[in-house]
1. From the list Leu235, Leu257, pick out the single residue that is within 14 Å of the ligand (Cβ to nearest atom) and modelled with pLDDT of 95 or more.
2. Please determine, by comparing only the residues of the stretch 185-210 that are within 16 Å of the ligand (Cβ to nearest atom), open to solvent by 60 Å² or more (accessible area, probe 1.4 Å) and outside any helix (DSSP H, G or I), which one is nearest to Arg236 (Cα to Cα).
3. Looking at the structure I just gave you, is Tyr172 surrounded by 18 or more Cβ atoms within 10 Å (Cβ to Cβ), over 28 Å from His210 (Cα atoms) and within 29 Å of the chain's Cα centre (by Cα)?
4. Run down Gly258, Gly171 and say which single residue is of a type in the set (Gly, Ala, Ser) and either touching a residue at least 40 places away in the same chain (Cβ under 8 Å) or in a helix (DSSP H, G or I) (or both).
5. Taking the condition of being away from the ligand (no atom under 13 Å from the Cβ), closer than 27 Å to Thr84 by Cα and touching a Lys or Arg at 6+ places or on another chain (Cβ under 8 Å), how many residues in the stretch 211-226 meet it?
6. Keeping to the stretch 211-226, report how many residues are farther than 17 Å from Gly178 by Cα and either part of a helix (DSSP H, G or I) or open to solvent by 50 Å² or more (accessible area, probe 1.4 Å) (or both).
7. Going by what's in this entry, would Tyr141 be described as of a type in the set (Phe, Trp, Tyr) and touching a residue at least 24 places away in the same chain (Cβ under 8 Å)?
8. Cβ-Cβ under 6 Å, sequence separation 6+ or interchain: first residue in the stretch 228-255 and at negative phi and polar (S, T, N, Q), partner open to solvent by 10 Å² or more (accessible area, probe 1.4 Å) and away from the ligand (no atom under 16 Å from the Cβ). Which pairs?
Amino acid sequence: MTGNRKGKRRRAFVLILLFLVLSGFNFFVSPHIRDKAGEGETVSVSASAPAQSETAREETSPSEEDKVSTVDKSSEYLILVNKTHGLGKNYEPEDLKNVNSVAGDRDGKYQKMRRKAANAFNRLTKAAKREGHIIKLTSGYRPYSYQQILYRQYVKEDGKNRAEQYSAKPGYSEHQTGLVADVSSPSVNYNLVQAYGNTAEGKWLAKNAHKYGFIIRYPKGKEDITGYEYEPWHLRYVGKDAAAEIYSRGVTLEEYLGES
Ligand SMILES: [Zn+2]
């Protein structure tokens, strides 16, 4: 009797053990694990995460520079052209159009801009005029062939080293993008001179151009980064959002795009 009972118990024990092994102890263990995991998730989502992001916000908020940009930096309007980034001989935008405010004594062939930039430029000059400033485009889109003529002429007059401080080799001029306007005003006889920066129009541009999507592309004190002398007249269209960021951070396009 005893032996028989013992045998039954042993068989029952072995069966239970076998069941437990086969089920991988899930039957007993998993609800507990699930609970714990649930607690863990709850803790990380509802308690610790907001605390962390508050700390992160506090750390980043004081500096404009640390703000995450929402601008798509691969935009065609953020194309980088400088002494090391060229466009090639055949680059020619297809949407060039005339702008409203142009200096009449120049060749109209080279006073066009890409559609979006031209429209923005029209808004800029109109706003400036409302505030009493006459701002006109002297030179806009320049094809490779025309830049070649200019560059050769400058090198002949000033020598290569001097010429390259203010003029680009053909294929490396930002004017070939169709996103650029050299501007001037009656106060400087429509010349392109650094003194333009001190005129009422030059000051208005430095303060307001970004509202229309333009930046002063070659600022004072950034010659080492841009490769060019200060040019208060050379406006580059980058779009309103990028222009606002570049303006508020006081950086060049190179710095903005992380290329310097
Ligand atoms: Zn220019």
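1. Working: Leu257 fails: within 14 Å of the ligand (Cβ to nearest atom).
Exactly one of Leu235, Leu257 is within 14 Å of the ligand (Cβ to nearest atom) and modelled with pLDDT of 95 or more, namely Leu235.
2. For the stretch 185-210, the residue satisfying everything is Leu192.
3. On the way: surrounded by 18 or more Cβ atoms within 10 Å (Cβ to Cβ): yes; over 28 Å from His210 (Cα atoms): no; within 29 Å of the chain's Cα centre (by Cα): yes.
No; evaluated as a whole, the condition is false for this residue.
4. Numbers: Gly258 fails: either touching a residue at least 40 places away in the same chain (Cβ under 8 Å) or in a helix (DSSP H, G or I) (or both).
One residue alone meets the criteria, Gly171.
5. Step one: of the stretch 211-226, the residues away from the ligand (no atom under 13 Å from the Cβ) are 211-213, 219-225.
Checking the rest, the ones that are also closer than 27 Å to Thr84 by Cα come to 213, 219-225.
Filter once more, so that each one left must be touching a Lys or Arg at 6+ places or on another chain (Cβ under 8 Å): 213.
Total satisfying the criteria: 1.
6. Qualifying residue count for the region: 7.
7. Details: of a type in the set (Phe, Trp, Tyr): yes; touching a residue at least 24 places away in the same chain (Cβ under 8 Å): yes.
Against the criterion (of a type in the set (Phe, Trp, Tyr) and touching a residue at least 24 places away in the same chain (Cβ under 8 Å)), Tyr141 qualifies.
8. Ser248/Glu64; Thr252/Ile225
The values are calculated or read from the model by the stated rules, or taken from the named source; none is laboratory data. Please read all numbers here as calculations on a predicted model, not as lab measurements. Heads up, the Cβs are rebuilt from the backbone with ideal geometry, glycines too, and the neighbour counts pull from every protein chain shown. Heavy atoms of the whole protein, side chains included, go into the accessibility calculation; ligands, DNA and RNA do not. Shrake-Rupley method; radii C 1.70, N 1.55, O 1.52, S 1.80 Å.
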